[in-house]
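Heads up: the structure comes next, in structure tokens.
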Amino acid sequence: MIRLEGVSKSYGPKVLFEGVDWLVTPQDRIGLVGPNGSGKTTLLKILAGLESPDQGTVVAAKGVSRGYLPQEGLALAGRTVFEECLGVFDDLRQMGRELESLSRLMAELDPAGDAYREAAERFARLDAEFRQRDGYAIEARVGAVLAGLGFAKRDWVRRTEEFSGGWQARIALAKLLLARPNLLLLDEPTNHLDLEARNWLEDYLASYPHAFVLVSHDRYFLDVTVNRIVEIWNRRLHFYPGNYSRYLEARRQRIEQLEAAARQQQERIRQLETFINRFRYTASRARQVQSRIKELEKLQRIEVPPEEPQIRLRFPQPRPSGRLVAEARDLGKKYGDQVVFRGVHFTIERGDRVALVGPNGAGKSTLIRMLAGLEPPSEGELRLGHNVEPDYFAQDQYKELDPEARLLDDLSALAPRATQTELRTLLGCFLFSEDDVFKPIGVLSGGERNRYALARLLVRPSNFLLLDEPTNHLDLRAKDVLLDALRQYQGTLVFVSHDRYFIDRLATRVFEVGGGRLETYPGNYEAYLWRKQQAAQAGAEKGPGSRKEAAAPAQTAPEEPAAPRPRRINPLRLRQMRERFEELEEEIARLEAEIAETERALAVYVSAEQMRELNERWKAQKSRLEAALAEWEQLGQAVEQAEAADVY
């Protein structure tokens with residue numbers, strides 16, 4: 001379909017790639033990967049015909065259509081969202097108008113005349129093409145794509161210039177998907193999508209009828225959408241069958257083989273040079289020496305490019321908080337007449353890593369701001385526990401930074417005990433290298449400043465981190481650094497992220513926010529989806545009207561009896577109550593530890609069978625804990641009453 005032959009591209013002295021040969025076939029589903037600055041976006045633009053190579057040729061088959069989605073720089077204006085997307089079908093809409101015109105004309109013409117016959121033939125040809133191209137369903141197709149990408153119906157009639165850059169990128173993506181080019185070229189298509197929109201896009205691409213090449217820093221998205229990885233490495237293209245996870249393993253094996261071959265070659269070179277140097281001036285060995293010199297000259301040296309170092313950063317751990325970190329009772333939030341949520345109950349305990357999920361506008365950011373103390377509740381109660389120190393990372397956190405401070409100086413002031421090498425390594429993980437570390441914060445772009453704000457947060461974390469979309473603007477390497485740091489972190493974490501891999505590896509609990517409610521689930525996102533699926537299947541099996549809802553007979557509530565006066569308790573009985581109270585405290589601590597262990601196991605999805613067993617174990621442990629807590633509370637009240645009666 002499109003062939004690259006001997007393609008090379010440079011910017012000044014920097015060579016991005018050279019001698020590239022690549023054939024993109026009609027059914028390819030390709031993930032394009034490589035380090036930052038390796039030329040992924042440039043290669044996409046060459047495939048799209050928007051840039052020319054310095055050397056080599058790009059040959060496209062006749063009739064191939066290409067659609068390119070850039071990372072940024074999109075600005076749409078002048079039409080509503082729905083009209084903008086309908087514009088993709090201008091030729092079909094023109095065809096539809098001509099069909100209507102022909103239909104009216106035929107109604108006025110004599111069916112026996114030549115003019116009618118010509119009009120009827122034209123109508124038949126157009127109608128067949130119109131139906132073949134699904135022309136009668138274009139409005140339904142536009143609606144389906146807009147809904148899938150998260151546009152509410154009320155937004156369809158809003159003008160495109162009213163939307164932010166992220167939503168404009170969604171509109172551009174919608175137009176590309178509706179146009180269905182033969183080759184779809186997507187540069188970071190998930191950057192501005194929430195989880196629901198990403199899930200929808202994954203399903204859409206699974207049934208896409210043509211080829212696509214995409215760049216993404218979302219591992220899960222790459223795993224479920226592509227069947228081939230093309231890597232730009234050491235100025236060459238390397239091809240791997242399978243998804244991203246298979247690529248990582250195959251790449252590791254290839255590098256090991258390359259390193260082994262390079263070691264063998266170096267050993268052979270050493271042997272040749274030793275022989276040449278030893279017998280260079282020995283006449284009887286002159287022929288053998290010349291033979292080895294020629295072999296050495298012909299040897300094509302195996303080059304093993306230096307690997308990026310594996311960064312493992314250990315950050316100072318925060319001082320511990322109390323066991324209960326946050327508790328909500330009948331919590332509600334509204335803005336004017338708009339209710340975000342109401343009647344919300346939850347507890348967050350020390351060590352929890354809670355992922356907030358739900359559609360855009362459901363209230364995730366509102367809830368995280370309420371936990372940070374930046375938004376007051378409209379009703380109910382939200383309280384933090386003992387020694388809890390919240391620290392909030394907003395989507396626009398960069399606005400809080402000093403624009404005059406240089407990156408390295410600002411970071412050094414936060415972490416005076418860290419060495420310059422350690423701080424520069426950390427900044428390098430977040431894509432600030434060489435002289436970038438001496439830049440003032442004020443000259444950075446919004447995305448760069450957000451990346452720096454995240455690195456800054458990790459240097460001195462509090463014991464209750466509240467992170468709103470921390471993975472935005474991060475590449476795969478920086479995400480790995482952040483993920484490792486947060487998995488080592490011993491405090492409590494509540495976060496919003498649209499990266500499935502990040503949530504699956506990090507979360508121990510999931511809070512689903514939506515429809516004015518909040519539901520809690522143990523485990524990671526995979527476990528959450530499994531539970532939702534099980535609940536949906538159970539509801540489908542029951543069917544409508546299957547619930548037995550017998551109306552209870554009306555009863556008059558008995559009057560509350562007067563509180564009895566405290567009675568004296570036998571001192572032996574009181575001692576037994578105290579001993580049992582202490583036993584229950586130990587049992588509760590043990591059950592909480594068991595539940596935490598089960599929830600950690602639930603956070604790693606292995607199979608449906610294992611999930612079912614762990615789920616049953618978790619329910620049983622929770623039931624025992626609730627019973628123990630109830631008995632502990634009753635005993636505590638009884639002991640207090642006995643002490644109040646001065647029985648001892």
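The values are calculated or read from the model by the stated rules, or taken from the named source; none is laboratory data. Note that the structure is a prediction, hence the values are computed from the model and not measured. A quick note on method: Cβ atoms are made from the backbone with ideal geometry, for glycine too, and the neighbour counts reach across all protein chains shown.
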Could you list, in sequence order, the residues of the range 403-454 that are in a loop (DSSP other than H, G, I, E, B) and surrounded by 12 or more Cβ atoms within 10 Å (Cβ to Cβ)?
P403, A405, A415, A418, F430, L431, F432, S433, K439, L444
Out of all the residues in the range 162-191, which are in a loop (DSSP other than H, G, I, E, B) and surrounded by fewer than 22 Cβ atoms within 10 Å (Cβ to Cβ)?
F163, S164, R180, P181, N182, E188, N191
Which residue out of R460, R449 is among the basic types (K, R) and farther than 29 Å from R350 by Cβ?
R449
Looking at the range 231-239, is at least one residue farther than 30 Å from T42 by Cα, surrounded by 13 or more Cβ atoms within 10 Å (Cβ to Cβ) and at pLDDT 85 or above?
no
Out of the range 117-142, which residues are in a helix (DSSP H, G or I), farther than 13 Å from Q94 by Cα and of a type outside the set (G, A, S)?
R117, E118, E121, R122, F123, R125, R131, Q132, E139, R141, V142
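Somewhere in the range 376-393, is a residue part of a helix (DSSP H, G or I) and surrounded by fewer than 20 Cβ atoms within 10 Å (Cβ to Cβ)?
The answer is no; no qualifying residue exists.
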Please find, among E434, E469, the residue that is charged (D, E, K, R), in the same structural domain as S412 (by TED's automatic domain parsing) and farther than 22 Å from G37 by Cα.
E469
Residue check, E273 assigned to a helix (DSSP H, G or I) and under 28 Å from K479 (Cα atoms)
no
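One residue is enough: does the range 199-209 have a residue meeting the conditions outside any helix (DSSP H, G or I), crowded, with 21+ Cβ neighbours inside 10 Å and more than 17 Å from the chain's Cα centre (by Cα)? First the steps, then the outcome.
Initial filter on the range 199-209 (outside any helix (DSSP H, G or I)): 207-209.
Remaining after also requiring crowded, with 21+ Cβ neighbours inside 10 Å: none.
Checked against the condition, which is being outside any helix (DSSP H, G or I), crowded, with 21+ Cβ neighbours inside 10 Å and more than 17 Å from the chain's Cα centre (by Cα), the range 199-209 yields no hits at all.
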Criterion: within 15 Å of F212 (Cβ to Cβ) and at pLDDT 90 or above - qualifying residue of V24, V58:
V24
Could you say whether any residue in the range 635-646 is in contact with a Leu (Cβ under 9 Å, 6 or more places away or on another chain), at pLDDT below 75 and buried (at least 17 other Cβ atoms within 10 Å of the Cβ)?
yes
Flag if L105 is surrounded by 14 or more Cβ atoms within 10 Å (Cβ to Cβ) and outside any helix (DSSP H, G or I)
no
In the range 126-150, residue surrounded by the fewest Cβ atoms within 10 Å (Cβ to Cβ) [restricted to those that are modelled with pLDDT of 90 or more and under 22 Å from the mean Cα position of the chain (by Cα)]
A147
Is it the case that the range 60-83 has a residue that's within 19 Å of F239 (Cα to Cα) and among the hydrophobic types (A, V, I, L, M, F, W, C)?
no
Options A260, A250: the member that is part of a helix (DSSP H, G or I) and either exposed (fewer than 13 other Cβ atoms within 10 Å of the Cβ) or among the polar types (S, T, N, Q) (or both)
A260
Output the residue which, of all residues in the range 210-230 that are modelled with pLDDT of 90 or more and part of a loop (DSSP other than H, G, I, E, B), is nearest to I2 (Cα to Cα).
H210
Considering F495, F502, which residue is assigned to a helix (DSSP H, G or I), at pLDDT 80 or above, touching a Phe, Trp or Tyr at 6+ places or on another chain (Cβ under 9 Å) and not basic (K, R)?
F502
If I ask for residues that are β-branched (V, I, T) and either in contact (Cβ under 8 Å) with a residue 60 or more places away in the chain or under 24 Å from Q265 (Cα atoms) (or both), which ones from the range 277-292 would you list?
V289
